[in-house]
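The values are calculated or read from the model by the stated rules, or taken from the named source; none is laboratory data. Owing to the predicted nature of the structure, the values given are computational and were not obtained by experimental measurement. FYI the Cβ positions are ideal-geometry reconstructions off the backbone, even for glycines, and counts take in every protein chain you see. Each accessible area value is taken on the protein alone, full model and side chains, heavy atoms only, with ligands, DNA and RNA left out. Shrake-Rupley method; radii C 1.70, N 1.55, O 1.52, S 1.80 Å.
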Amino acid sequence: MMLSLGCSLAMSAQPRRSLLDSLHYHVEMQATLSNGDHTPLWLNANRYGLSSLKTSNGYLRGSVERPLSADKGRRWGIGYGVDVAVPMGFTSHFVLHQAYAEVRWLKGVLTVGAKEYPMELKNQHLSSGSQTFGINARPIPQIRLALPDYWKVPLTKGWLAIKGHLAYGMMTDGKWQKDFTARRSKYVEHGLYHSKAGYLRIGPKNITLELGLEMACQFGGTTYNFYNSDHTVKIENASNLSSFIHALIPSGGEKVEDQYRNTEGNNLGSWVARLNFDYPAWRLGVYADHFFEDHSAMFLLDYDGYGEGADWNKKKKSRYLLYDLKDMMCGIELNLKRFKYLENIVLEYIYTKYQSGAVYHDHTRSISDHIGGLDDYYNHYVLTGWQHWGMVMGNPLYTSPLYNADGEVYVHNNRFAAVHLGLSGTPVPGFHYRLLGTWQSSLGTYKRPFAKEHEHGSILLETTYRFQHVLEGWSITGAFGADFGELLGHNYGCQFTVRKEGVLSFKKKKSQK
């Protein structure tokens, strides 16, 4: 009884947690100066869209965040954050970068608002970027239900674990698209967004296999097409309950389609996998990311058994067309836990030139064969493709529309092969570096090929020093980046960032008697 009473008194003596506990803050100032046509690739890419191509740019940024980890150990948790920037030389004069609130119950998390989400199965600082859910564009405001961390499936002794998410949101770049195109080419206002992903982890602690499927859909909104100065076509894309269901389960069709029905919206995604080896001195990961724009690339299979004559549009035979598995990102990540001079090495190879082949032919009355090529990654014939505020939402080696001098929201380069290397280390306490190097050979797109193959290289050398004692919480970062070649031109630039971060304290002072 006394033990029970003691436990009760101990629990009641614990201080209550406030929504102002563990309130993290950061203030940051960044300036970038470049020589050439643009800011070099790795000085602007994979920064969640908080960057600019203008040769002179910068920002003042501040954020306040209460992470869910503040309620660690409780069955429930509450988090929120606000992150704003006042930029110079950006596409906006003020950026509400993040603004969200979230609730956790056990392992599940419900988030409402715009928030940065890291890549899955890849190194956040050294990888060239995921092909579907990358970190290259501004966050999209959304309602997101997630199991963010692996949950061990009961009765499997830890050998099986799952995680994933489901989300709906709205694109915020409609006005930017309208201004960027100057109403001379296609743009979309009030577009809607859907994403979902599921991941399965198999294996014991030191050797694991992760398998995942990432899928997204852009749908709804209003599309404006400009064929010439006298002919404007306005398309009110469906955004009713059926459209939300069609986004969740790819189905339906576009309003502009006739007897040839594709799924409604811009559907895309990736099959991802990673094999991990984790030992006391080193950790190795081997991973793959196969991107797809439709079912022909998703399953490498297409139906091709239509009839002839009056049955030209009826499925008559068990006949299928098999596509090649050529387009792929393959990567290796090595972490040397005891060698601080070179802690992490990432090597990636990306190939996207196939895209289900160079031929697209819908079956007709005279020719019953159906071939579903010309996938045109990151582009769409009704919507403006896999981009937000001019930056592709996947891997930045697909050239973002923001580079287009003609003001068209279109990815002009999606067929390429590339090799990417990333290195990082912490040779002395507080001092960290990373080095990125990328070579890319590009063909443009199937519909708009380059006159000749474009070869291009991009590099980044970045160093960060975090003050340990006197100026604890302060850090300075200096970076040099360069582009050289035919794709992005010859660009050289430097970037300087000063950052202060810490935890706000709101403890009440005891009154003196």
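Things worth noting here:
- Summed over the range 123-142, the residues that are open to solvent by 20 Å² or more (accessible area, probe 1.4 Å) and over 14 Å from Trp386 (Cα atoms) give a count of 4.
- Breaking point among (1) surrounded by fewer than 21 Cβ atoms within 10 Å (Cβ to Cβ); (2) in contact with an Asp or Glu (Cβ under 6 Å, 6 or more places away or on another chain); (3) within 30 Å of Tyr377 (Cβ to Cβ); (4) not basic (Lys, Arg), for Thr111: (1)
- One residue alone among Thr223, Thr208, Thr232 is out of contact with any Leu (no Cβ under 9 Å at 6 or more places or on another chain) and among the polar types (S, T, N, Q), and that residue is Thr232.
- Residue that is surrounded by the fewest Cβ atoms within 10 Å (Cβ to Cβ), among those in the range 336-362 that are more than 23 Å from the chain's Cα centre (by Cα) and more than 28 Å from Asp376 (Cα to Cα): Arg338
- Applying the set (1) open to solvent by 60 Å² or more (accessible area, probe 1.4 Å); (2) in contact (Cβ under 8 Å) with a residue 12 or more places away in the chain to Asn46 leaves exactly one unmet item: (1).
- Condition met for Leu325 (open to solvent by 80 Å² or more (accessible area, probe 1.4 Å) and more than 30 Å from Leu192 (Cα to Cα)): yes
- Inspection of the range 372-390 finds a residue satisfying the criterion of being modelled with pLDDT under 95, more than 20 Å from Asp179 (Cα to Cα) and in contact with a helix residue (DSSP H, G or I) (Cβ under 7 Å, 6 or more places away or on another chain).
- Residues that are hydrophobic (A, V, I, L, M, F, W, C) and either assigned to a loop (DSSP other than H, G, I, E, B) or in contact (Cβ under 8 Å) with a residue 40 or more places away in the chain (or both), drawn from the range 49-71: Leu50, Leu53, Val64, Leu68, Ala70
- Near pairs, Cβ below 7 angstrom, 6+ apart or cross-chain, from the range 362-373 (of a type in the set (A, V, I, L, M)) to any residue that is in a loop (DSSP other than H, G, I, E, B) and open to solvent by 20 Å² or more (accessible area, probe 1.4 Å): Ile371/Val359
- The selection criterion, being touching a Cys at 6+ places or on another chain (Cβ under 9 Å), among the acidic types (Asp, Glu) and at pLDDT 95 or above, holds for Glu348.
- Test: residue in the range 401-411 that is at pLDDT 95 or above, closer than 30 Å to Leu334 by Cβ and within 18 Å of the chain's Cα centre (by Cα): no
- Considering residues of the range 168-195 that are in a helix (DSSP H, G or I) and in contact with a Ser or Thr (Cβ under 7 Å, 6 or more places away or on another chain) only, the residue most open to solvent (accessible area, probe 1.4 Å): Trp176
- Residue selected from the range 473-493 under the condition touching a residue at least 24 places away in the same chain (Cβ under 8 Å) and open to solvent by 80 Å² or more (accessible area, probe 1.4 Å), by the criterion nearest to Leu20 (Cα to Cα): Trp474
- Every residue from the range 86-108 that is out of contact with any helix residue (DSSP H, G or I) (no Cβ under 7 Å at 6 or more places or on another chain) and crowded, with 19+ Cβ neighbours inside 10 Å: Pro87, Phe90, Val95, His97, Gln98, Tyr100
- Which numbered condition Glu210 fails, given (1) open to solvent by 40 Å² or more (accessible area, probe 1.4 Å); (2) at pLDDT 95 or above: (1)
Let's see how each residue does on (1) farther than 28 Å from Val82 by Cβ; (2) in a loop (DSSP other than H, G, I, E, B); (3) free of Cβ contacts under 8 Å to residues at least 24 places away in the same chain:
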{"site": "Leu110", "(1), (2), (3)": "no, no, no"}
{"site": "Leu126", "(1), (2), (3)": "yes, yes, no"}
{"site": "Phe133", "(1), (2), (3)": "no, yes, no"}
{"site": "Pro139", "(1), (2), (3)": "no, yes, no"}
{"site": "Ile143", "(1), (2), (3)": "no, no, no"}
{"site": "Leu155", "(1), (2), (3)": "yes, yes, yes"}
{"site": "Ala161", "(1), (2), (3)": "yes, no, no"}
{"site": "Leu166", "(1), (2), (3)": "no, no, no"}
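- One residue from Gly437, Gly385, Gly444, Gly430 being surrounded by fewer than 17 Cβ atoms within 10 Å (Cβ to Cβ) and at positive phi: Gly430
- Members of the range 196-205 that are open to solvent by less than 40 Å² (accessible area, probe 1.4 Å) and either free of Cβ contacts under 8 Å to residues at least 12 places away in the same chain or in a loop (DSSP other than H, G, I, E, B) (or both): Gly203
- The numbered conditions (1) modelled with pLDDT of 95 or more; (2) in a strand (DSSP E or B) are all true for Tyr446 except (2).
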